[in-house]
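Worksheet: the structure to be examined is printed underneath.
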Amino acid sequence: MFGLERMRALHAVATHGTVAAAATALHVTPSGVSQQLAKLEREAGQRLLEPHGRTVRLTTAGHVLAGHAATILAQVDKARSDLELLREDITGPLRIGAISTTVHALLPPVLATLRAQHPGLEVTLHEGEAEETMPLVVDGRLDVAVLESWEHLPVTMPPSTSRTTLLADVADLALPASHRLAHRKAVDLAEVDDLPWIAWSAGSGCHDWLAHVLRQQGVDGRIACAIGSYPTQLALVAGNVGAAVVPRLGRDSVPEGVRILTTRPALNRTIYAINRAEDDDRGAIRACVDALTSAAARFHHLA
C-alpha cells in the first residue's frame, strides 16, 4: 500500500526533525523528500505534516505512520542482512577427495577446524589419487580435491578448475640398511641397479611417475611390489624386499633396517587443492581451502 521510499522519507523527517535534515541523511534534495511525502499523504488519505513556524511537524497520523515506518524499515534491513548472511552461509554438504599422504597429514586438523568453525557443514572425505578425484571435481561429485603433481610428470589441470598451492614436498630414496649404498647421504638413482622396486598401486599416477623417472635415469626399474601405503612400503624395504621412494610428508617415522637418502635428481612434487572455478565464491569452498592452507603451513619445511 505504501511505497518503501516514501516510508523512508517520513521516517527520516521524524528522526531528523526537518525536511532539509532528512534530505541530507538520505542523500537527496529537499524537494525530492517533499515529493515523496506528498505522494505518501495521498496514499494514506490523511495529512501527515503540518506547518510549524518556518518548518513542518508531524501530525498525529504522521506520528502513527512514522512508528510503523520505523518497524517496516527495520524489518527490511533485517531481511537484507539475513540474505547477506545466507550468501556467506557455510552449511550443507562439503565433499573432499584427497591423496593418502594428505589424508594422513593434513585432513585431520582440517576436518577438526571445519567442524569447530562451521558446524553446519556436512563433510565427507574420499581417499583417492588425482586420476580418480579430479574427474569427480569436474563433474560436480566432489567439491574439493587435494592432489599431487610431480615435477617430472606434472598433472594437467582442467581449465574449468581453480587450484591453490598448498605445499612443496620431496621424495627420498629408502634402501635396506644392508645395501651397498646405504652408508651414503645422496645417490644418483641410476646407481640403484641391483634391487627391485616397491611402488604405489599399479595404474596409479604414483606408479606411472616412478616408472617414468626410472626410465629417464636409465634404470631397468623392475617393480616387484605395488603397495598403496607408504608405511607398508617402508616395512618391505626393512625386510630387504627392494627399494622405494617415499615423500617426506608420507613418513612419520623410519623403521629399523631402513636408510633414507636424498636423490639426484631431486624428486619434487607440489600439493594442490582444486575446485571448480565457478565455485570460487562459495563460502564452504573458501572455508575448506583456507583450512587446508593453514594446515599445510606446518609442513613448509619439507622441501
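The values are calculated or read from the model by the stated rules, or taken from the named source; none is laboratory data. Nothing here was measured: the structure is a model prediction, and the numbers come from that model. Note that each Cβ is placed from the backbone with ideal geometry, even for glycine, and that neighbours are counted across all protein chains shown. Heads up: the accessible areas ignore ligands, DNA and RNA and are worked out on the full protein's heavy atoms, side chains in. Shrake-Rupley method; radii C 1.70, N 1.55, O 1.52, S 1.80 Å.
With a simple spin-label model that places each label point 7 Å from the Cα along the Cα-to-Cβ direction, the separation between D252 and E50 comes to 8.2 nm. If R0 is taken as 51 Å, the Cβ-Cβ distance between H27 and K185 corresponds to a FRET efficiency of 0.10.
Counting only the Cα atoms, region 228-303 fills a convex hull of 127 Å³ per residue.
Taking all protein chains together and rolling a 1.4 Å probe, W209 ends up with roughly 10 Å² accessible.
Rounded to the nearest 10 degrees, the angle from helix 107-117 to the longest Cα principal axis of the chain is 10 degrees. A Förster distance of 35 Å, applied to the separation of the beta-carbon atoms of D279 and S229, puts the FRET efficiency at 0.65.
Of all the options R184, R286, R259, the one that moves most in a Gaussian network model of the chain with Cα springs shorter than 10 angstrom is R184. Projecting the Cα atoms of V123, L107, L58 onto the charge dipole of the chain (Cβ charges, centred on the Cα centre) puts L58 farthest toward the positive pole. Taking the three principal axes of the alpha carbon atoms in region 156-216, the coordinate ranges are 49, 24, 20 Å, sorted in descending order.
The angle separating the long axis of helix 60-88 from the principal Cα axis of greatest extent in the chain is about 10 degrees.
Of the accessible area of the chain, with the probe set at 1.4 angstrom, what percent is carbon plus sulfur?
On the way: 8100 of 15180 Å².
Carbon-and-sulfur percentage of accessible area, whole number: 53.
Sequentially through region 121-133, phi angles give Karplus couplings (6.51, -1.76, 1.60; θ = phi - 60°) of 6, 10, 8, 10, 10, 10, 8, x, 7, 4, 5, 8, 7 Hz, Gly and Pro residues having no value and appearing as x. Where does the chain land at 222 nm, in deg cm²/dmol rounded to the nearest 500, when only DSSP H runs of n ≥ 4 count, each adding -39500 (n - 2.57), divided by all residues? Computed mean residue ellipticity for the chain: -13000 deg cm²/dmol.
Output needed for the chain: three equivalent-ellipsoid semi-axes, defined as square roots of 5 times the C-alpha gyration tensor eigenvalues, in descending order, whole Å. Numbers along the way, then the final one.
Values: eigenvalues 987, 49, 48 Å².
Output for the chain: semi-axes of 70, 16, 15 Å.
Taking every protein chain into account, the accessible area of the chain amounts to 50 square angstrom per residue (probe 1.4 Å). If one takes the longest principal axis of the Cα atoms in the chain, at what angle in degrees, from 0 to 90 and to the nearest 10, does the Cα axis of helix 4-16 lie? Roughly 70 degrees, rounded to the nearest 10.
A crude spin-label estimate for the pair L136 and T15, with each label 7 Å from Cα along the Cβ direction, gives 5.1 nm. Pick from A224, A12, A243: which is most flexible by mean-square fluctuation in a GNM of the chain where alpha carbon atoms under 10 Å apart are linked? Comparing A224, A12, A243 in the GNM, the peak value goes to A12. The distance from the alpha carbon centre of region 210-289 to that of region 126-140 is 18 Å, rounded to a whole number. Among L249, L48, L121, the largest mean-square fluctuation in a Gaussian network model of the chain, built with springs joining Cα atoms closer than 10 Å, belongs to L48. Working note: Debye formula, equal point scatterers on the alpha-carbon atoms of region 1-85, no solvent; log10 I(q)/I(0) at q = 0.15, 0.21, 0.22 Å⁻¹ is -0.51, -0.94, -1.02. Here the dipole of the chain is about 1100 debye; that uses its Cα centre as origin and unit charges on the Cβ of Lys and Arg (positive) and Asp and Glu (negative).
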